[in-house]
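Report on one structure; see the data block that follows.
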Amino acid sequence: MTLLVCGGLLSAAIQPAHSFAESRFLGMDRDADNFISLEEAEAYRIRLFKEYDLNSDGKVEFEEYVEAKRLRPATAAPHSKVDVPDEYREMDADGDSILTLEEVKSVGVKRFQALDKNGDGKISKEEFVSPGL
Ligand SMILES: [Ca+2]
Ligand SMILES: [Ca+2]
Ligand SMILES: [Ca+2]
C-alpha cells in the first residue's frame with residue numbers, strides 16, 4: 001500500500017503540466033469554474049454510459065463494454081473470453097453482468113464522495129486524483 005502511494009506520487013510529479021488527467025478534468029468541468037460539481041460528475045457518468053451502450057438499449061452487457069473499451073486484442077478470436085476488469089465489477093453492483101445507468105451513476109457518486117476530501121460538494125483539481133470519476 002505504502003509502495004503504491006509512493007509510486008503514484010512519483011509518477012504524478014513527473015507528469016507534464018497538461019497531463020491526461022488534466023484534460024479529463026477539463027472535459028468534465030462544463031462551466032469551466034475549475035471545480036467539478038456533482039451534477040457535472042453525473043453528466044459525465046451518463047456520457048460514459050452512452051459510450052458503452054453500443055446498441056442504445058439502456059443496458060450495457062459485458063460484451064458491449066469489451067467492444068466499447070476495445071479490451072479484446074485484435075488478434076483474438078471473436079467472442080473469446082476476456083477477464084472482467086475491476087472497474088466493471090465495481091459498477092456491476094448486483095453482479096448480473098449487465099450495467100444499468102443507475103449502477104454506473106452510483107459508482108460516480110461514490111467516487112465523487114471519496115475525491116471530495118474537504119467535503120465542500122465539489123472536486124478541485126488538487127482533489128481530482130486517479131482513477132478520477
Ligand atoms: Ca464546474
Ligand atoms: Ca446495451
Ligand atoms: Ca448489474
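Quick note: the coordinates plus some simple rules give every number you see, no bench work behind them. The structure presented is a predicted model; accordingly, all values stated were derived computationally and were not measured. Methodologically, a virtual Cβ is constructed for each residue, glycine included, from the backbone with ideal geometry; neighbour enumeration extends over all protein chains shown.
General remarks:
- Order of Thr75, Thr100 under a 10 Å beta carbon neighbour criterion, fewest first: Thr75, Thr100
- Loop GluC sites (Glu not before Pro), the stretch 85-133, which have at most 11 other Cβ atoms in a 10 Å radius of their Cβ (DSSP): Glu126
- Contact order relative to length of the stretch 19-124, as percent, for alpha carbon pairs under 8 angstrom and 6 or more apart: 31
- Beyond 27 Å in Cα-Cα separation lie the following of the pairs Lys59/Lys110; Lys69/Lys110; Lys59/Lys117: Lys59/Lys117.
- Sorting Leu115, Leu71 from the fewest to the most surrounding beta carbons within 10 angstrom yields Leu71, Leu115.
- Rounded to the nearest 20 debye, the dipole size of the stretch 19-124 about its Cα centre is 300 debye, using +1 on the Cβ of Lys and Arg and -1 on the Cβ of Asp and Glu.
- Full-stretch length increase - Glu51, Ala77 - with 0.36 nm per residue and alpha-carbon distance subtracted: 7.0 nm
- Distance from the alpha carbon centroid of the stretch 83-103 to that of the stretch 35-59 works out to 14 angstrom.
- With both labels modelled 7 Å from their Cα along Cα-to-Cβ, the Lys69 to Ala93 distance reads 1.9 nm.
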